[in-house]
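Undergrad: Supplied in structure tokens, the structure appears directly below.
The values are calculated or read from the model by the stated rules, or taken from the named source; none is laboratory data. Treat the numbers as computed from the prediction; the structure is a model and nothing was measured. Here the Cβ is made from the backbone with ideal geometry for all residues, glycine too, and neighbour counts use every protein chain on show.
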């Protein structure tokens with residue numbers, strides 16, 4: 001039988017190869033794009049009759065324009081306008097012809113809601129080109145969210161919780177001027193997108209550090225962990241063997257050129273009652289040594305660095321207001337292959353979170369620093 005390290009390397013190589021193959025397949029083999037209606041051309045304006053809601057034909061899809069700031073970034077043929085009915089919008093939504101919306105800001109899901117309002121209102125954050133500040137428009141019917149092009153696939157990209165919105169854009173939601181958004185339809189919303197928007201976030205249980213506790217395990221993306229995908233990144237569906245007892249995948253993301261993967265995993269804190277984030281990194285490093293034999297941090301050092309040397313160079317940081325510890329290191333198999341890692345550990349309530357960036361070399365991790373900064377700035381813990 002092949003050595004364990006070689007089997008792990010082969011598994012990683014096949015993972016990359018399979019993902020790369022999928023990425024290179026023609027669009028006709030990976031997803032069928034529905035045809036535009038006759039007479040519709042790139043840049044044409046589409047208006048929902050009797051309302052101010054506008055869409056534009058872009059990239060073979062029909063996309064909602066949230067405000068004039070968003071519209072100013074698009075090539076629009078203002079002289080070519082198509083007026084449509086609600087039934088046409090619903091047909092396009094059902095057949096996949098509605099594309100991602102053009103927004104100035106993500107929609108905001110307000111939980112807890114204002115006094116006297118049922119959970120959980122969804123708002124369009126709208127800023128016209130002549131507005132000094134954005135304004136909040138309550139989307140009264142969540143069916144409209146679906147007709148704006150929000151799906152289960154892009155929900156995390158276009159919908160933010162209040163803390164996440166504040167961290168990303170610097171606006172306090174409670175201080176913004178408010179109004180009601182003119183509705184598209186009175187049809188009842190039934191999709192999982194609408195259900196997610198309407199469901200209350202699990203109530204937080206305060207402890208001595210005023211930190212919420214997850215009610216059940218494992219956590220779920222966009223339910224217990226909020227985040228926004230960096231531009232050009234997608235959700236990765238590959239799998240790998242996890243190292244620590246109880247370690248569970250929450251989500252994984254990757255840039256389209258597949259040179260890095262961000263793994264987000266969680267571990268039940270009850271399994272590690274007296275452990276610290278740095279201690280969790282130590283455990284991961286020790287298991288990495290058994291998998292890969294060597295770890296090191298700097299290219300000018302001989303193999304191997306000790307675990308203590310790597311831990312001595314860790315960095316303290318904060319993610320969503322929670323103290324965290326970050327380590328960088330490289331693993332190398334006996335056959336000479338290598339993988340670079342950035343491992344960030346934190347404890348929120350009774351859950352340990354590990355954010356692991358896996359890349360083909362250290363330069364790749366550095367190259368994605370801006371994307372990673374945006375991701376970590378968007379993270380929120382919703383429990």
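Undergrad: For the stretch 49-66, how many residues meet the condition of being at pLDDT 90 or above and touching a strand residue (DSSP E or B) at 6+ places or on another chain (Cβ under 8 Å)?
TA: Total satisfying the criteria: 12.
Undergrad: Oh, and also: Quick check: is even one residue across the stretch 87-96 closer than 26 Å to residue 50 by Cα, part of a strand (DSSP E or B) and at pLDDT 90 or above?
TA: no
Undergrad: Within the stretch 358-380, can you find the residues that are in contact with a strand residue (DSSP E or B) (Cβ under 6 Å, 6 or more places away or on another chain) and without any contact (Cβ under 8 Å) to a residue 40 or more places away in the chain?
TA: Within the stretch 358-380, 361 is the sole residue that qualifies.
Undergrad: Based on what the data block shows, is residue 383 under 28 Å from residue 273 (Cβ atoms) and part of a loop (DSSP other than H, G, I, E, B)?
TA: yes
Undergrad: Modelled with pLDDT of 90 or more, farther than 30 Å from residue 130 by Cβ and not assigned by TED's automatic domain parsing to the domain that holds residue 146: is that true of residue 21 in this structure?
TA: no
Undergrad: When you check residue 57 against the structure, is it in the same structural domain as residue 165 (by TED's automatic domain parsing), buried (at least 21 other Cβ atoms within 10 Å of the Cβ) and farther than 25 Å from residue 161 by Cβ, yes or no?
TA: yes
Undergrad: Starting from residues that are without any contact (Cβ under 8 Å) to a residue 24 or more places away in the chain and part of a loop (DSSP other than H, G, I, E, B), keep the ones in the stretch 154-182 and report whichever is nearest to the chain's Cα centre (by Cα).
TA: 170
Undergrad: Would you confirm whether any residue within the stretch 106-121 is part of a loop (DSSP other than H, G, I, E, B), at pLDDT 90 or above and either touching a helix residue (DSSP H, G or I) at 6+ places or on another chain (Cβ under 8 Å) or in the same structural domain as residue 164 (by TED's automatic domain parsing) (or both)?
TA: Scanning the stretch 106-121 turns up at least one residue that is part of a loop (DSSP other than H, G, I, E, B), at pLDDT 90 or above and either touching a helix residue (DSSP H, G or I) at 6+ places or on another chain (Cβ under 8 Å) or in the same structural domain as residue 164 (by TED's automatic domain parsing) (or both).
Undergrad: If you don't mind, there's one more thing I want to ask. Are any of the residues in the stretch 66-85 crowded, with 19+ Cβ neighbours inside 10 Å and in a helix (DSSP H, G or I)?
TA: yes
Undergrad: Okay, moving on. So which of 114, 134, 183 is surrounded by 14 or more Cβ atoms within 10 Å (Cβ to Cβ) and more than 25 Å from residue 57 (Cα to Cα)?
TA: Going through 114, 134, 183 in turn, the sole match is 134.
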